[in-house]
Amino acid sequence: MTQLTSLSRRHFLAGIGASALTMPTLTVPVYDALGQPISSQSGQDKKIGIALVGLGSYSKNQLAPALQQTQYCRLAGIVTGTSAKASEWMQKYNIPQANVYDYKTFDRIIDNPDIDVVYVVLPNSMHAEYVIRAAQAGKHVICEKPMAITEKDCQAMIDACKKANKQLAVGYRLHYEPFTQEVMRLGQQKVFGPVKFVEASDAFRIGDPTQWRMKKSMAGGGALMDVGIYAIQGARYVTGEEPVSVTAQFSPKTEPQKFKDVEETIFWQFRFPSGAVSNSTSSYTAGVERLYASCEKGWFELSPAFGYGPLKGRTSKGPIEMPTVNHQAAHMDGVCKDLLAGKALPNHITGEEGKRDVRLLQAIYQAAETGRSIKLA
Ligand code: NAD
């Protein structure tokens, strides 16, 4: 995994001042969520127009509210199959009828100059189709995690974006989150010496057993596909290495009626080229959210580590102190700032990164199903 160019601590601390934007008297310089002085953005009034595809829970509760706080992008359009949702969103977010599509009319987005980016927020198995159609309509794309349910689909998505000369980002919001960036730095720069082992786990107790997350054909699997991917990412970004082999085990199901189609709990272990190892749990039956790295000369951890925050961290030398940001606003601003500048997106959030994780997700399932160690390198 490529080293992040982390923003300086000073900029992050100054970034807290962004909330001051809403204050009536402004006497100090103001910085945005990316640590960029607002004043240096003068003359830049163009904001990237984003259309959200799929107005479910993540779009409604996280992305749309975050788009009210962003500096470099705005909610410009919606794609939904439910006309009642379309009316509600048009009114709430002042979206013109011309920027509202359903799944059939979606491809007409090609003629809409108001929309620069299509953000695919659909069930996992639908990501590939909509990313490819968005690229064919000449739009940059942000695709939620996991990027797809097969590596083959990921490649088709990458190829479609390349062919259309458009950029493809994955919804890896934590790559723009200060606590996460700090543990990336601590691990990758060996601040406590080389990382020796990592414990990275993400799990929660799922509700409605009829939702698409419980259907293998739509989700690609169970908890591993949904939140285990954060633990995979965590192990990769604190070591800064790619795993060379994986072993994995399914736990026996305690609620077989509920988990007919997908795993309930899964454990896996990665081995990294340096000799570092990681151990992870993901589950839909009970919760855990922790990223811990033990190094030659100390340790560091985040807990909670992967949710919407506030994240919390400490090291063997004391607490990690970082500002709390809106993850989704920081992520979309980070991507759109680069798009506005005509820059290539950093490797660690592109489709290639998403494909790497999907390959690992599939290898973990293969290891659990066969009981064998799967070579990755
Ligand atoms: P959701 O079930 O709340 O929403 C899914 C949306 O897709 C709904 O609007 C639904 O109407 C629409 N849809 C269209 N066709 C559908 C079909 N055939 N079956 C089911 N739904 C259909 O799901 P969500 O929680 O918003 O998740 C959507 C995506 O976002 C997933 O890929 C998920 O992994 C991802 N996600 C990411 C984060 C994050 O932190 N990055 C958080 C939550 C979800």
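For beta carbons closer than 6 Å, sequence separation of 6+ or different chains, a first residue in the stretch 242-270 that is farther than 18 Å from Ala231 by Cα and a second that is in a loop (DSSP other than H, G, I, E, B) and aromatic (Phe, Trp, Tyr), the qualifying pairs are Lys253/Phe259. Here the condition is being in a helix (DSSP H, G or I), of a type outside the set (Phe, Trp, Tyr) and either touching a residue at least 40 places away in the same chain (Cβ under 8 Å) or within 11 Å of the ligand (Cβ to nearest atom) (or both); of Gln69, Gln62, it holds for Gln62 alone.
Yes or no, residue by residue, for (1) more than 14 Å from the ligand (Cβ to nearest atom); (2) over 26 Å from Ser217 (Cα atoms); (3) at pLDDT below 95:
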| position | (1), (2), (3) |
| --- | --- |
| Asn99 | yes, yes, no |
| Asp102 | no, no, no |
| Pro113 | yes, yes, no |
| Val121 | no, no, no |
| Ala128 | no, no, no |
| Ile132 | yes, no, no |
| Gln136 | yes, no, no |
| Cys143 | no, no, no |
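Could you check how many residues of the stretch 290-337 are within 16 Å of the ligand (Cβ to nearest atom) and surrounded by 19 or more Cβ atoms within 10 Å (Cβ to Cβ)? Count: 16. Within the stretch 135-161, being farther than 24 Å from Met214 by Cβ, under 19 Å from the mean Cα position of the chain (by Cα) and of a type in the set (A, V, I, L, M) holds for Val141, Ile142, Met157, Ile158. Look at (1) within 16 Å of the ligand (Cβ to nearest atom); (2) crowded, with 22+ Cβ neighbours inside 10 Å and you find that Tyr93 fails only one, number (2). Residues of the stretch 197-206 that are out of contact with any Lys or Arg (no Cβ under 7 Å at 6 or more places or on another chain) and under 14 Å from Val227 (Cβ atoms): Ala200, Asp202, Ala203, Phe204, Arg205.
Conditions tested, residue by residue: (1) within 15 Å of the ligand (Cβ to nearest atom); (2) free of Cβ contacts under 8 Å to residues at least 12 places away in the same chain.
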position	(1), (2)
Met157	yes, no
Asn165	no, yes
His175	yes, no
Pro178	no, no
Leu186	no, no
Phe192	no, no
Lys196	no, no
Glu199	no, no
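Of all residues in the stretch 215-232, those satisfying the criterion of being under 14 Å from Glu264 (Cα atoms) and within 11 Å of the ligand (Cβ to nearest atom) are Lys215, Ala219, Gly220, Met225, Asp226, Val227.
The values are calculated or read from the model by the stated rules, or taken from the named source; none is laboratory data. Keep in mind that what you see is a predicted model, and the values were worked out from it rather than measured. Using ideal geometry, Cβ is built from the backbone for each residue, glycine included, and neighbour counts are taken over all protein chains shown.
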